[in-house]
1. Would you mind stating whether B:Leu64 is hydrophobic (A, V, I, L, M, F, W, C) and away from chain A (no Cβ under 14 Å)?
2. List every residue pair whose Cβ atoms sit under 7 Å apart, with the two residues 6 or more apart in sequence or on different chains, where the first one lies in the stretch B:155-175 and is at the interface with chain A (Cβ under 7 Å from one of its Cβ atoms) and the second, anywhere, is surrounded by fewer than 21 Cβ atoms within 10 Å (Cβ to Cβ) and among the hydroxyl-bearing types (Ser, Thr, Tyr).
3. Please determine whether any residue of the stretch B:174-182 is more than 27 Å from B:Ile225 (Cα to Cα), out of contact with any strand residue (DSSP E or B) (no Cβ under 8 Å at 6 or more places or on another chain) and not small (Gly, Ala, Ser).
4. Report, by residue number, each residue of the stretch A:95-112 that is within 8 Å of chain B (Cβ to nearest Cβ), in a helix (DSSP H, G or I) and closer than 18 Å to B:Ser222 by Cα.
5. How many residues does the stretch A:24-42 hold that are free of Cβ contacts under 8 Å to residues at least 40 places away in the same chain and of a type in the set (S, T, N, Q)?
6. Looking only at the stretch A:53-63, filter to residues that are in contact (Cβ under 8 Å) with a residue 40 or more places away in the chain and either polar (S, T, N, Q) or assigned to a strand (DSSP E or B) (or both); which one of those is farthest from the other protein chains (Cβ to nearest Cβ)?
7. Looking at B:Phe85 and the list (1) in contact (Cβ under 8 Å) with a residue 24 or more places away in the chain; (2) surrounded by fewer than 21 Cβ atoms within 10 Å (Cβ to Cβ), which single condition is not satisfied?
8. Just to verify a result, which residue in the stretch B:153-212, among those that are within 28 Å of A:Tyr74 (Cα to Cα) and β-branched (Val, Ile, Thr), is surrounded by the most Cβ atoms within 10 Å (Cβ to Cβ)?
Amino acid sequence: MIKVRDMTVAYDSAPVFTNLSIQFEPGKITGIIGPNGAGKSTMIKGLLGLTSKQSGTATLADQPIAKQLKLIAYVEQRAALDLTFPINVLDTVLTGTYPNLGLFKVPGKKEEEAALAALTDVKLAEFNHRQISELSGGQLQRVFVARAIVQDADVIILDEPFVGIDMKSEADIMAILKKWRAAGKTIIVVNHDLNKVTTYFDDLVIINHGVVAQGQTQDVFTKKNITTAFSGDLSNILFDEGEATHE
Amino acid sequence: MNSIALFIDGLTKYNFLQTALITAILVGIMSGIVGSFIILRGMSLMGDAISHAVLPGVAVAYMLGINLLLGASIFGLLAAMLIGFVTMKSQLKNDTAIGIVFSSFFALGFILISMAESATNLHHILFGNVLAVSDQDLITTAIVLVVVVLFVVLFYKELLITSFDNTFARAYGLKTQVLHYGLMMILTLVTVTALQTVGIILIVAMLITPAATAYLLTNKMSSMIMIAATFSVFASVIGLYFSFTFNWASGPAIVLTAAVFFLLAFLFSPKQGIFIKKRAAN
């Protein structure tokens with residue numbers, strides 16, 4: 001289990017959130033939702049130590065996360081990468097083996113087979129020699145999911161994996177997340193689309209400069225919580241329409 | 001053609017020309033390798049900065065009579081750390097921090113060198129004089145090349161992942177800062193070595209131009225490094241020939257040759273050449 005306790009992160013002295021505490025359970029897909037700028041990605045980065053935090057602890061199995069980063073696969077938001085880098089799909093997936101290769105070791109046959117298998121899992125086997133710049137947004141996201149497969153981590157964190165991708169890619173990625181869940185891994189997904197929250201996530205964390213609510217999705221995804229974190233208008237649209245289709 | 005025969009004849013006769021040729025080749029290889037990482041990491045300006053920032057180190061080394069590499073390395077690393085420090089501790093963007101630090105170092109170096117004028121020749125430091133390389137310099141160059149190749153071979157996957165996806169590298173716990181300063185150290189060594197062939201001002205061209213040429217020609221990082229080193233060697237040898245034949249400064253001769261290679265790749269590269277692209281579009 002991942003536990004975040006009393007985490008405070010501030011940029012230029014303005015706190016993004018103070019004393020935030022969350023936990024993520026294995027064998028579940030946990031969604032993190034919240035409005036733009038609510039601190040979703042910052043929370044993830046603070047947890048991974050990618051951003052310096054003013055206070056708080058983050059543990060995995062009661063040990064500091066900083067000492068077990070290799071057990072966590074992090075799939076960053078796609079936009080941050082230089083897609084003109086001279087690298088093809090297979091070599092990109094192979095970088096997923098780096099965390100578990102020792103210093104001075106390079107991927108060999110075994111690693112290559114794992115990468116090809118992962119590409120088959122995300123239905124991109126025939127693309128292995130493509131440049132990454134030649135892929136669609138959805139294909140690219142599946143490449144990074146394949147890299148996470150190869151990493152064989154206990155915890156997988158995906159930041160906005162479904163932004164700007166096609167329906168098929170989204171379904172393929174969701175299938176992989178469910179496989180991971182069945183294998184008892186901890187899956188954390190930062191998401192901003194509220195429409196599929198109830199079908200995708202077992203647990204849900206609602207964030208707006210702090211935790212608004214967390215727990216099982218059916219308990220947490222309520223009109224009241226959405227009104228608090230987002231706006232009354234949005235929750236009216238989401239929940240009143242939901243009720244209308246019931247009738 | 002007669003001048004080429006003269007050049008080859010000179011090579012068989014003159015020890016200084018043989019030393020110059022071998023030095024030019026070795027420097028070509030190392031600047032192609034390191035330059036590939038510099039441009040893939042978007043650090044062209046940083047390469048320029050470090051190469052200028054070693055000047056005070058060179059001056060101090062002359063004054064104290066210590067090893068040139070040592071003096072230059074200290075100032076090169078110092079500049080890299082200062083740039084990192086200013087970027088981190090202020091709202092200024094990285095390129096601004098680079099501009100301030102390297103121009104100050106260069107200015108300081110210029111003054112120090114003119115104070116030490118008797119022992120050295122500023123013109124040669126700035127623009128290179130490969131024909132005056134000593135056998136001792138050649139040995140140092142060879143050692144630096146071995147260090148550069150070892151560094152890249154041993155840390156190949158770390159260099160690849162930090163160049164391609166630095167956040168991923170940090171997320172799995174790689175000490176990316178250590179690697180960054182390691183690469184800056186290597187860059188400084190290459191700079192001081194390349195100082196003999198192309199001079200401080202034009203080193204950045206040897207780092208960037210052959211690597212950029214290679215970038216236009218391939219889609220694989222390992223091939224890019226090989227191609228960059230190859231172009232760099234050709235530019236060095238051909239430039240040396242021009243330098244010897246027409247009595248041009250070796251630095252500008254080598255750099256212009258490299259620029260011609262780049263122009264050809266820019267126009268005709270099957271991957272990104274502007275002519276080829278136009279034809280494909282029609």
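1. Answer is yes for this residue.
2. Matching pairs, first to second residue: B:Arg170/B:Thr176.
3. There is no residue in the stretch B:174-182 that is more than 27 Å from B:Ile225 (Cα to Cα), out of contact with any strand residue (DSSP E or B) (no Cβ under 8 Å at 6 or more places or on another chain) and not small (Gly, Ala, Ser).
4. Selection gives A:Thr95, A:Tyr98.
5. So the first thing to find is which residues in the stretch A:24-42 are free of Cβ contacts under 8 Å to residues at least 40 places away in the same chain, and the list is A:37, A:42.
Those still in the list that are of a type in the set (S, T, N, Q) too: A:42.
Total satisfying the criteria: 1.
6. Only one residue fits best here, namely A:Ser55.
7. With (1) in contact (Cβ under 8 Å) with a residue 24 or more places away in the chain; (2) surrounded by fewer than 21 Cβ atoms within 10 Å (Cβ to Cβ) applied to B:Phe85, the lone miss is (1).
8. B:Thr162
The values are calculated or read from the model by the stated rules, or taken from the named source; none is laboratory data. All values derive from a computational prediction rather than experimental measurement. In this analysis, Cβ positions are derived from the backbone assuming ideal geometry, glycine residues included, and neighbour counts consider all displayed protein chains.
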